[in-house]
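Below is one structure; the comments refer to it alone.
The values are calculated or read from the model by the stated rules, or taken from the named source; none is laboratory data. Not measured: the values here are computed from a predicted model. Reconstructed Cβ throughout: ideal geometry from the backbone, glycine too, with neighbour counts over all protein chains shown. Areas reflect the complete protein model, heavy atoms only, side chains present, ligands, DNA and RNA absent. Shrake-Rupley method; radii C 1.70, N 1.55, O 1.52, S 1.80 Å.
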Amino acid sequence: MDEPQGALQNLTMRVYERLLRLYPPRFRHEFAGEIHAVFQERMAESGNWTVHGLHETAALAWSILRERWHEWRTRKGEEMGVEKDVVMGANGAAVLRLAGVPQRGFWWFLGWILSALLVVPLAIFTTYAFSLPFMAVLNLGTHLNWWPALDSAAWLMLGFTAGLGIFTAWAQWLLLRRFLPGASRWFAATALGFGLGGIIAAAFGAANILGMEDSFARFALVFLAIGLVLGLLQWFFLRRSLRHAAWLVPVNLLAAASLLPIRMPLDWTLSLVLLPGIISGAGIWFLLQREAAIHPQAAQTPPTRQAIPWSRRLVRIGMILAIAAAVFFAGVWINASAMLLNAKADGAYPTLEEAVIQHVRQGWEESSASVLSVSNVETSREVVDGVRQHVRWGCARIQLDRIPARHRGSAFPICTQYVHTRDGWVLMGEGFAPFVGWAMELFNLEGLREFQAANSN
Amino acid sequence: MQPQPLTETSFFILLSLAAEPRHGYGIIKEVESMSRGRVVLATGTLYTALRRMLEDGWIERVEDGDSDGDGRERKLYRLTEEGRRIFTLEAERLKTLVYLTSLHAAMER
């Protein structure tokens, strides 16, 4: 054997041995010794080390990938073993797993209520991101003359309910997976229920019945449609896992109906979403208790999760945080870009004063009262922190020809928020301007840097 | 229930074990010989297939009593009843295909 050939053999052998360590521990422990021995035998008889060595090494790398994938799926299956509906009974026979009851009931219930509270701002925040596919479909339908042009409220509502459904389903699945056989079906039923409910609500024009000012009542009406569809779907998906699953229909309806009497702006009453959370949590708790009363042995021995090493937990948490951060910033960008596009479509003006006058006139044209005059236009106050020159208040005093509903007189001041774009000043919805202004800074949207540079000189 | 058709690699491994239990290296050599050099199993590929067959209960691993160069006990692989059933079903399926093909060829003549 000449020297280059010997060096190649040594190199191949070393690479092969190093690669063997990359197998998952279980497989490595079981087979690595044999693989090494067989590889040595193969190479010992081989006349062409280069070809055979490459072939063996490439196949080993592929085998490692396959075993890693297999191991990951197996571990996933073991960790989620509690999720499976079939477990081994005392006599060794496979039996259907029974529903259990959370042992730390208070914390479980608190988690349920908090999740109901937290998913709403999450859904609001991601509304534009979830709205995009609906917007595309609705605009396509309008383009093909299947239906008339729809108000943006329709696709915003669909985006909101889709986000709400996915976040709610995920949070509840996390809380139920240890106790409810077929909790993955709960996820499907909940996400689908919110989605279908939103579509039904939008299809019947519920979004426009009460007008923009009653935004929370409008949301609540949508929730009622969602409650019904959600209850029916949860019953359908879980009727074999929970004996009294039919109760999920009135529970969800009641939870949704609890929002109806509330008639205040959404921003002020967000915390009242707690009420449906309490009702739905109490409902599922009651059903799990009933099930456990029928099968007391299940309640005594709830399935337990396998302990996951801290290192893996940290990696998992890191990955989740990284994905969440990516989704968050993508959502911020999409939301701000979409809102700026919409705002520009409604009109962009070279000066803030002109923008205020035009928007005040346009805004009241649609009401029963007519604008007689706009005076005292004032645009000097900056929004929130006073440092963002591209986000401003625009105020004016208006004189109407009659006293409109919920007003004491026909003359009063009006203030709205505006942001500066490449096309000029645009009206930004109440409360959204600081958020969009921040996103513009973050992603340098609408040529903000140039605007800031020009204003600083 | 009718199992899915086997891959060529799986079929050759079962075929090599149908006659007698073999070591990993023996399986590779037998497959190479039976396929007249067309199917050359790499070691990693073989053991991934063997692991799957062990999990599916088609084969089992037994001690040989012999040891390899490093002093480790060598392992033999042999077909289980289930493995033999799967192999027989696949062989029957292939036989039927060959029969149908020859029938079709005869009718065209």
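Observations
- Restriction of the trypsin sites (Lys or Arg not before Pro) in region B:1-59 to DSSP coil positions whose beta-carbon has at most 14 other beta-carbons within 10 angstrom yields B:Arg36, B:Arg38.
- In this structure the amide hydrogen of B:Ala42, modeled in the peptide plane, comes within under 5 Å of no amide hydrogen from residues 5 or more places off or on another chain.
- Long-range amide H partners of B:Ile59 with built H, under 5 Å: B:Leu54, B:Thr80
- The value of relative contact order for chain B, using C-alpha pairs under 8 Å at least six residues apart, is 27 percent.
- Here the Karplus curve 6.51 cos²θ - 1.76 cosθ + 1.60, taken at θ = phi - 60°, turns the phi angles of region A:437-448 into couplings of x, 5, 5, 4, 5, 5, 10, 6, 7, 6, x, 4 Hz, with x standing for Gly and Pro.
- From phi via Karplus (6.51, -1.76, 1.60), per-residue ³J(HN,Hα) for region B:92-97 in Hz, x at Gly/Pro: 5, 4, 5, 4, 4, 4
- Order by protection proxy (mean Cβ within 10 Å, highest first), peptides A:176-186, A:335-345: A:176-186, A:335-345
- For chain B, the longest principal axis of the Cα atoms and the long axis of helix B:8-19 meet at an angle of about 70 degrees.
- Chain B - charge dipole about Cα centre, Lys and Arg +1 at Cβ, Asp and Glu -1, debye rounded to 20: 380
- Interface residues of region A:20-47, defined as those with an accessible-area decrease of at least 20 Å² between the chain by itself and the complete set of protein chains (probe 1.4 Å), are A:Phe27, A:Glu30, A:Phe31, A:Gly33, A:Glu34, A:Ile35, A:Ala37, A:Val38, A:Glu41, A:Arg42, A:Glu45.
- Remark: mean inter-chain Cβ contacts per residue of B:44-56 equal 6, using a 10 Å Cβ-Cβ cutoff to other protein chain atoms.
- With the simple model of a label 7 Å out from the Cα in the direction of the Cβ, B:Met34 to A:Leu144 spans 5.4 nm.
- Between A:Ala44 and A:Leu117, the FRET efficiency from the beta-carbon distance, with R0 = 60 Å, is close to 0.30.
- Protein accessible surface hidden between B and A, which excludes ligands and nucleic acids, total in Å², probe 1.4 Å: 1900
- Tilt relative to chain B, helix B:43-56 - C-alpha long axis, 0 to 90 degrees, to 10: 80
- Packing order of peptides A:396-402, A:114-120, highest average first: A:114-120, A:396-402 (average count of other Cβ atoms within 10 Å over each peptide's residues).
- For A:Gly347, residues with placed amide H under 5 Å, excluding near neighbours: none
- The simple spin-label model puts a point 7 Å past each Cα toward its Cβ; for A:Val15 and A:Trp438 those points are separated by 5.1 nm.
- Phi angles across region A:315-326 convert, under the Karplus curve 6.51 cos²θ - 1.76 cosθ + 1.60 with θ = phi - 60°, into 3J(HN,Hα) values of 4, 5, 4, x, 5, 4, 5, 5, 5, 4, 5, 4 Hz, Gly and Pro given as x.
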